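So the structure is just underneath, and the comments pick up after that.
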2 protein chains.
Amino acid sequence: MGQNYLDVKAKFIRGFSDKTRLQILECIKNGEKTVSQIVEELQGNQSNISQHLACLKGCGIIVGRQEGKYIYYSLRNEKIKEMLELFDEVLNQVQTEVAQCDSHLY
Amino acid sequence: MGQNYLDVKAKFIRGFSDKTRLQILECIKNGEKTVSQIVEELQGNQSNISQHLACLKGCGIIVGRQEGKYIYYSLRNEKIKEMLELFDEVLNQVQTEVAQCDSHLY
DNA sequence: TAATCATATTAGTGAATACTAATATGAAAT
DNA sequence: ATTTCATATTAGTATTCACTAATATGATTA
């Protein structure tokens, strides 16, 4: 009972569609960091960050590597970074409009 | 009390993160279509599609133009199409993995 | 102007998701 | 081997979101 391609695609993109996760991605964009570094930089809650990291990992967006008791997370590859940059590029064109929109639903 | 940049960015990306909306985008990727054409091609519900169109429009992803009693929707610009293509490209690398992931949360 | 057609909006409900607090795992240091 | 430290997992709750059904708007045609 298949997730078809579009289900998977939606799930993948949903990885990027949350403020906290975007913060995490910004945080590790230029190099791997441990969970506690991320928690500290974001002034976040350890459990919450850990869950978002699991989400990002499950979505194929980041990877983790263990070294001793630390786990270092980083972007999965350069394509992900490109994607983040393209988001910014396109968003520049529409930002004001998007900020104003207040559809009752979304 | 401001949506800051990352709030807006998350909102923008959330526009892409739903199966029905991705179907709509596929449907109009190569040229504008009316609401009823989209409803028919997707075998969807008029109200539901209309709400998703409002979402996509509010997110700056599509534009609509009225002609008589019809409204034609299309991608906002070429950058959006690029973005859809980049999604596909990156997803090819991670699809299997993402499909398997079943984080209880996300 | 009444009826029809295309689309949008509203209200209500159920499902998915993000959060916090508490607990568990597993590696390292004592 | 016990404690400590880094991270993950679980449970529970509140919020957000997608869906359906019903109604409203606004343009066109009769």
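Bear in mind these aren't lab numbers, they're just calculated from the coordinates by the rules spelled out. It should be emphasised that the depicted structure is a prediction, and the values quoted were computed from it without experimental measurement. Every residue, glycine as well, gets a Cβ built from its backbone with ideal geometry; the counts of neighbours run over all protein chains shown.
Some points to look at:
- Test for A:I61: is it touching a strand residue (DSSP E or B) at 6+ places or on another chain (Cβ under 9 Å) and buried (at least 20 other Cβ atoms within 10 Å of the Cβ): yes
- When the stretch A:51-70 is filtered for residues that are assigned to a strand (DSSP E or B) and more than 10 Å from DNA strand C (Cβ to nearest atom), the ones remaining, listed by number, are A:I62, A:V63, A:G64, A:R65.
- Within the stretch B:41-55, considering residues that are among the hydrophobic types (A, V, I, L, M, F, W, C) and within 9 Å of chain A (Cβ to nearest Cβ), the one nearest to A:M83 (Cα to Cα): B:C55
- Some residue of the stretch A:78-92 being part of a strand (DSSP E or B) and under 16 Å from the mean Cα position of the chain (by Cα): no
- In the stretch B:30-55, the residues that are loosely packed, with under 15 Cβ neighbours inside 10 Å and within 10 Å of the chain's Cα centre (by Cα): none
- Residues of the stretch B:1-40 that are in a loop (DSSP other than H, G, I, E, B) and more than 9 Å from chain A (Cβ to nearest Cβ): B:M1, B:K29, B:N30, B:G31, B:E32.
- Test set (1) under 16 Å from B:F12 (Cβ atoms); (2) at the interface with another protein chain (Cβ under 7 Å from one of its Cβ atoms) - A:K79 fails condition number: (1)
- Of the criteria (1) assigned to a helix (DSSP H, G or I); (2) touching a residue at least 24 places away in the same chain (Cβ under 8 Å); (3) touching a Lys or Arg at 6+ places or on another chain (Cβ under 9 Å); (4) not β-branched (V, I, T), which one B:N48 fails: (3)
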